[in-house]
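Enquirer: Quick one: the structure is below, and I'll ask about it shortly.
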Amino acid sequence: MTDKIDEAVELRTPVHLRAGGTSVVVAVDGGRLPRILHWGADLGPLGDDALADLHRAALPAIGDSTVTYPQPVPVLPQLAEGWLGRPGLVGDSDGRRWAPKFRHATYRLDDGPALRCTARDPEYGLTADIEIQVLAAGGLVRQRARITNDGASPYRVGGLELALPVPQEASEILDLTGRWALERVPQRRPFHVGEWVRASRGGKPGLEHTLLLVAGEEGFGFREGAVWATHLAWSGNQVLAAERTPAGTRHLAAGEVLLADEVVLGQGESYQSPWQYGSWGVGLDELAARFHRWLRSRPSHPRSPRPVVLNTWEAVYFRHDLATLVALAERGAEAGAERFVLDDGWFLGRRDDTSSLGDWSVDPAVWPDGLEPLVARVRELGMEFGLWFEPEMVNLDSELARVHPEWVFDAGHGPGPSSRYQHVLDLGHPGAYRYLLERMSGLVGSLGIDYIKWDHNRYLTDAGHGAEGRAGVRRQVLQVYRLMAELKAAHPGLEIESCASGGGRIDLGVLEYADRVWPSDCNDPHERLEIQRWTGLLVPPEMQGTHIGAEETHTTHRTHPLDYHAEKALWGHLGVEVNLLTMDDEARGAVARWIAFHKEHRALLHSGAVVHADLADAGLRLEGVVADDRSEALYAFSVVERSATWPPGRIRLPGLDDDLVYTVSAVYPGSPLGMVLPPWQRDGVTLPGRVLRLVGVEAPSLDVDRSVLIRVVSPPAS
Ligand code: DGJ
């Protein structure tokens with residue numbers, strides 16, 4: 001068979017995928033796998049001659065003696081082509097078929113636009129199907145690959161990573177880390193030669209997961225500096241990597257981390273990788289806006305106004321009784337809550353976190369008449385009803401674990417150490433899956449549950465399936481997706497929140513099924529400002545749960561005024577988690593005022609573009625939401641640290657239309673105590689967007705952890 005790869009190749013015209021303000025130009029010549037020549041700014045319409053010349057112009061000056069690092073970087077890099085970096089496909093058949101060489105590629109261009117490539121390695125009997133799409137809503141690029149075993153011997157897939165190239169200007173890497181109650185802490189480093197790898201191996205992305213791996217121009221910010229980022233739409237083990245090779249290439253790779261024998265393909269069987277997404281922008285705001293636009297364009301995106309939540313967790317924890325919870329619901333409804341969510345503590349024997357996970361029936365000791373009386377009162381009050389589950393988890397001290405110990409994951413050494421006293425149920429076991437589906441579906445149906453808070457608190461460290469204890473993480477993720485999908489299909493309108501000790505399962509895989517995420521168990525507004533800001537790189541405000549917590553935050557023991565709690569909760573899917581029963585009338589009145597303010601601006605907050613100013617002073621924050629037509633905006637100016645110089649100086653308002661004229665005023669649904677307001681705030685000012693962008697307005701002088709809202713409207717009121 002002729003191997004055209006090593007011959008001089010006649011160029012075939014590259015394919016130009018163009019949508020949503022993004023161009024992706026892909027080389028498709030010579031029967032080779034696709035290679036992305038450009039990913040980023042829209043290049044405008046390009047004819048065949050220009051595309052052919054773009055290709056020629058993009059070929060590096062490599063002498064005949066160099067066999068390493070083919071350029072441009074192939075979407076699926078292969079050692080057999082000389083690629084010495086992170087491999088695309090890792091696999092083998094008992095030590096054979098380990099260095100695949102896909103070629104004989106054929107291409108098809110579909111609407112979307114989407115490019116589909118099928119390539120074969122005839123000697124190995126493997127086929128690779130690669131799909132590259134540019135999404136019209138948002139201009140994201142996404143790609144995935146399917147590997148099919150055409151041969152008779154089983155083919156074990158050890159990993160499959162795809163690559164999105166970034167240009168040399170991308171010289172700095174940003175990613176996120178964190179821990180319980182402090183998710184999404186940014187970290188930056190230079191993009192040196194080598195690999196910067198962020199992996200999740202606990203069966204979910206995790207609290208420390210980066211969401212996105214970003215590479216950009218040195219010093220990039222929210223408004224400036226070209227940036228490119230990748231994300232894997234997958235809720236299990238995974239790797240995101242940024243690689244710069246000695247040959248000068250840079251790319252962002254993403255793929256699932258596969259455990260021993262998780263994917264062994266029989267003849268004719270395939271492994272499909274999750275979608276790898278790529279976004280780009282000038283500044284992080286544009287990059288994030290692409291994800292937001294895409295999520296908002298999906299038919300499944302929540303369309304109804306996001307109901308203000310009352311969640312019982314920090315209000316009562318495990319202290320459940322009908323009278324208290326009815327009273328809480330009544331106070332919540334008075335304050336304006338629209339959805340009552342009964343958190344952990346309602347099921348058989350669950351008096352604290354040491355027992356009972358898995359026993360998903362209402363505890364008659366606490367709820368002698370079931371949950372029906374509570375649900376009935378909640379409905380009378382005009383609220384929806386939500387219920388907490390942690391479906392994949394089990395306490396060894398539970399009826400379920402006693403009856404079905406074989407449903408608990410075990411990799412050969414027993415169920416492993418507990419975490420929060422719990423272990424993990426193997427949903428790959430048909431009985432366990434059926435049990436959960438029946439219990440959950442039964443309760444959703446009989447109680448008319450509108451919303452599930454779906455928790456997940458233990459990592460999968462011992463996820464062995466069946467008597468042999470074979471690795472079962474991948475199957476677990478697929479079964480969770482299936483369970484969510486089946487529940488939603490059986491109960492149209494049911495909404496799901498993805499929570500995992502806070503923000504431990506946030507990704508575009510679970511967001512195929514979940515309607516919002518819980519970014520963190522930390523309701524401290526000082527921390528929430530940052531957690532929501534960085535979660536917002538991927539998730540739009542209406543999909544981030546943001547709750548008003550107690551003045552003394554339970555997870556940090558720091559105290560803030562209620563107004564600061566409420567202002568930071570304003571920017572997402574608002575909720576209340578504070579115990580309204582222990583608050584005085586004045587404090588409850590303040591909660592009600594903030595809820596009313598949120599409802600007044602909810603349509604803007606949940607549809608507009610999220611913007612952040614790049615302020616020189618690290619102690620200040622300015623962020624906001626600008627309407628799609630840029631006719632209005634709401635910003636929050638906050639002080640998060642004391643600065644060496646004072647007053648804070650001018651703040652320039654991002655995201656407005658240069659040519660519209662706006663009235664700017666300070667609004668504050670809370671108390672203005674402790675603020676020194678600049679003169680313009682007395683009567684407001686009316687200025688063109690260009691002036692607000694380039695000159696700005698003086699910021700108020702605030703104490704630390706205080707904020708002011710700034711409202712901007714066009715045309716100005718006459
Ligand atoms: C962890 C979650 O993140 C909390 O919000 C709460 O639901 C508890 N679990 C309940 O046990």
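The values are calculated or read from the model by the stated rules, or taken from the named source; none is laboratory data. Keep in mind the model is a prediction, meaning the values are calculated, not measured. All Cβ positions, glycine included, derive from the backbone under ideal geometry; neighbour counts span all protein chains shown. For the accessible areas, the whole protein counts, side chains as well, though only heavy atoms, and no ligand, DNA or RNA atoms are used. Shrake-Rupley method; radii C 1.70, N 1.55, O 1.52, S 1.80 Å.
Enquirer: Under unit Cβ charges (Lys, Arg +1; Asp, Glu -1), what dipole magnitude, rounded to 20 debye, does the chain have relative to its Cα centre? Walk me through the numbers on the way to the answer.
Expert: On the way: 72 positive and 98 negative charges, 177 e Å.
Dipole size: approximately 860 debye.
Enquirer: Pop out the ³J(HN,Hα) list for the range 417-426 in order, Karplus 6.51 cos²θ - 1.76 cosθ + 1.60 with θ = phi - 60°, rounded to Hz; leave Gly and Pro as x.
Expert: My calculation for the range 417-426 gives x, 7, 9, 6, 6, 10, 10, 10, 7, 8 Hz in order.
Enquirer: Under a 5 Å amide H to amide H cut-off, with H placed in plane at 1.01 Å, what residues pair with residue 140 once short-range neighbours are removed?
Expert: 135
Enquirer: Charges at C-beta only: +1 for Lys and Arg, -1 for Asp and Glu. How large is the resulting dipole of the range 411-520 about its Cα centre, in Debye rounded to 20? Let's see the in-between values first.
Expert: Values: 12 positive and 12 negative charges, 43 e Å.
Charge dipole, the range 411-520, about its Cα centre: 200 debye, nearest 20.
Enquirer: Cross-link partners among lysines for residue 101, C-alpha distance below 21 Å, same-chain residues fewer than 8 apart left out?
Expert: Candidates past the 8-residue exclusion: 4.
Enquirer: Moving on. Expected output is a single nm value to one decimal: the length gained when fully extending between residue 330 and residue 41, i.e. 0.36 nm times separation in residues minus the C-alpha distance. What is it? Kindly include the intermediate steps, with their values, before the conclusion.
Expert: Details: separation 289, 0.36 × 289 = 104.04 nm, distance 5.25 nm.
The span from residue 330 to residue 41 would gain 98.8 nm if fully extended.
Enquirer: Here's another thing I want to ask about it. Roughly how many debye, to the nearest 20, is the charge dipole of the range 286-368 about its Cα centre, given +1 on each Lys and Arg Cβ, -1 on each Asp and Glu Cβ, and no other charges?
Expert: On the way: 11 positive and 12 negative charges, 146 e Å.
In total the dipole reaches around 700 debye.
Enquirer: How much length, in nm to one decimal, is gained on full extension between residue 351 and residue 403, taken as 0.36 nm per residue of separation minus their Cα-Cα distance? It would help to have the intermediate numbers written out before the result.
Expert: On the way: separation 52, 0.36 × 52 = 18.72 nm, distance 2.06 nm.
That works out to 16.7 nm of additional length.
Enquirer: Taking the alpha-carbon distance from residue 488 and a cut-off under 16 Å, which lysines remain once sequence neighbours fewer than 8 residues away in the same chain are dropped?
Expert: Within the straight-line cut-off, residue 488 pairs with 453.
Enquirer: Distance from the Cα centre of the range 394-465 to that of the range 338-365, in angstrom?
Expert: One Cα centre to the other: 14 Å.
Enquirer: Here's another thing I want to ask about it. So for the chain, taking the charge dipole from beta-carbon charges (+1 Lys/Arg, -1 Asp/Glu), which of 443, 315, 431 sits furthest toward the positive end?
Expert: With unit charges placed on the Cβ atoms, the residue in question is 431.
Enquirer: Still on this structure: Once each part is reduced to its C-alpha centroid, what is the distance from the range 243-266 to the range 108-128 in angstrom?
Expert: Between the Cα centres of the range 243-266 and the range 108-128 lies a distance of 18 Å.
Enquirer: Just tell me the longest site-free run in the chain, where the sites are GluC sites (Glu not before Pro) in a DSSP loop having at most 12 other beta-carbon atoms within 10 Å.
Expert: Values: sites that count: 7, 10, 123, 218, 468, 641.
Excluding the exposed sites themselves, the longest stretch runs over 219-467.
Enquirer: While we're on this one: Longest segment of the chain with no trypsin sites (Lys or Arg not before Pro) in a DSSP loop having at most 10 other Cβ atoms within 10 Å? Don't skip to the end; give the middle numbers.
Expert: Values: sites that count: 303, 642, 682.
Longest run free of exposed loop sites: 304-641.
Enquirer: Would you pull out the residues with amide H under 5 Å of residue 393's amide H, same chain only if 5 or more places away, H placed 1.01 Å from N?
Expert: Distant-sequence amide H within range of residue 393: 425.
Enquirer: Cα to Cα, under 16 Å, and not fewer than 8 places away if on the same chain: which lysines meet these conditions relative to residue 599?
Expert: Hits, sequence-local ones excluded: 568.
Enquirer: Counting only protein heavy atoms and a 1.4 Å probe, tell me what percentage of the chain's accessible area is made up of carbon and sulfur. Mind showing how you got there, number by number?
Expert: On the way: 13760 of 26630 Å².
Of the solvent-accessible surface of the chain, carbon and sulfur hold 52 percent.
Enquirer: Further question on the same structure: Give the long-range amide H neighbours of residue 571: residues separated by 5 or more places, or on another chain, with amide H under 5 Å away, using H modelled in the peptide plane at 1.01 Å from N.
Expert: Here nothing satisfies the definition.
Enquirer: Go through 601, 555, 587 and say which Cα lies farthest out towards the positive end of the charge dipole of the range 554-606; charges sit on Cβ, +1 for Lys and Arg, -1 for Asp and Glu.
Expert: Going by the Cα projections, it comes out as 601.
Enquirer: When the Karplus curve 6.51 cos²θ - 1.76 cosθ + 1.60 is applied with θ = phi - 60°, which whole-Hz ³J(HN,Hα) does each residue of the range 183-199 get, with x for Gly and Pro?
Expert: 6, 6, 8, x, 9, 10, 7, x, 8, 7, 5, x, 10, 10, 10, 10, 10
Enquirer: As I understand it, the dipole of the range 468-543 uses +1 on the Cβ of Lys and Arg and -1 on the Cβ of Asp and Glu, about the Cα centre. Which of 508, 483, 531 lies farthest toward its positive end?
Expert: After comparing all options, I get 483.
Enquirer: Using the heavy atoms of the protein chains alone and a 1.4 angstrom probe, what is the accessible area of the chain per residue in square angstrom? Walk me through the intermediate numbers first.
Expert: Values: 26630 Å² over 718 residues.
Result: 37 Å² per residue.
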